[in-house]
Amino acid sequence: MARVKIDLPNTFRFQTTISIRITDLNYGGHVGNDCILSLIHEARVQYLQSMGYTELNMGGVSLIMSDVAIEYKNELFYGDRLLISVSTGDFSSSGFDLLYKMEKEADKGLQIIAKVKTGMVCFDYSSRKVMRVPENVKQLLTEN
């Protein structure tokens, strides 16, 4: 079976640190896959907020997730401090990818936990239609 392979950029536009809570753990005693999605959701909201946007108003359009891929590398446990780095890529007329590198603080530096990609589509929730990426938004998201 082919495995998910996510290529991450060399540099990231945004970083945030999140501590793992007891409620993030599953019956295996580590962070569950559902919580990984919640953690990247938090990172995405913080990333957009750092530019003055929200998921419901990003330069006049909203966002909806069209797909997600997660490449797991290591486990997360209660109390781990997670560093999530976020960047953009692969723009189309109506969407783009958000790329996330999840790392935890370890004895010998940072240890990669997961690589994640979410496909984000510009959307109008009132008309239920896909919209174009506003040019000013694309410009801001691609600035170095």
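The values are calculated or read from the model by the stated rules, or taken from the named source; none is laboratory data. Small disclaimer: the values here were computed from a predicted structure and weren't measured. Neighbour counts are summed over all protein chains in view; Cβ atoms, including those assigned to glycine, are modelled from backbone coordinates with ideal geometry.
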Inset, instruction - Could you tell me which numbered condition Ser62 fails, if it satisfies all but one of (1) touching a residue at least 24 places away in the same chain (Cβ under 8 Å); (2) among the polar types (S, T, N, Q); (3) assigned to a helix (DSSP H, G or I)? - result: (3)
Legend entry - Test for Val86: is it modelled with pLDDT of 95 or more, over 14 Å from the mean Cα position of the chain (by Cα) and not small (Gly, Ala, Ser): no
Inset, instruction - Quick one: count up the residues across the stretch 69-128 that are assigned to a strand (DSSP E or B) and without any contact (Cβ under 8 Å) to a residue 24 or more places away in the chain. - result: 4
Legend entry - Selection from the stretch 98-130 of residues that are under 16 Å from the mean Cα position of the chain (by Cα), buried (at least 19 other Cβ atoms within 10 Å of the Cβ) and not basic (Lys, Arg): Leu98, Leu99, Tyr100, Met102, Glu103, Ile113, Ala114, Val116, Thr118, Met120, Cys122
Inset, instruction - Return yes or no: is Leu76 in contact with a Leu (Cβ under 9 Å, 6 or more places away or on another chain) and more than 21 Å from Ile22 (Cα to Cα)? - result: no
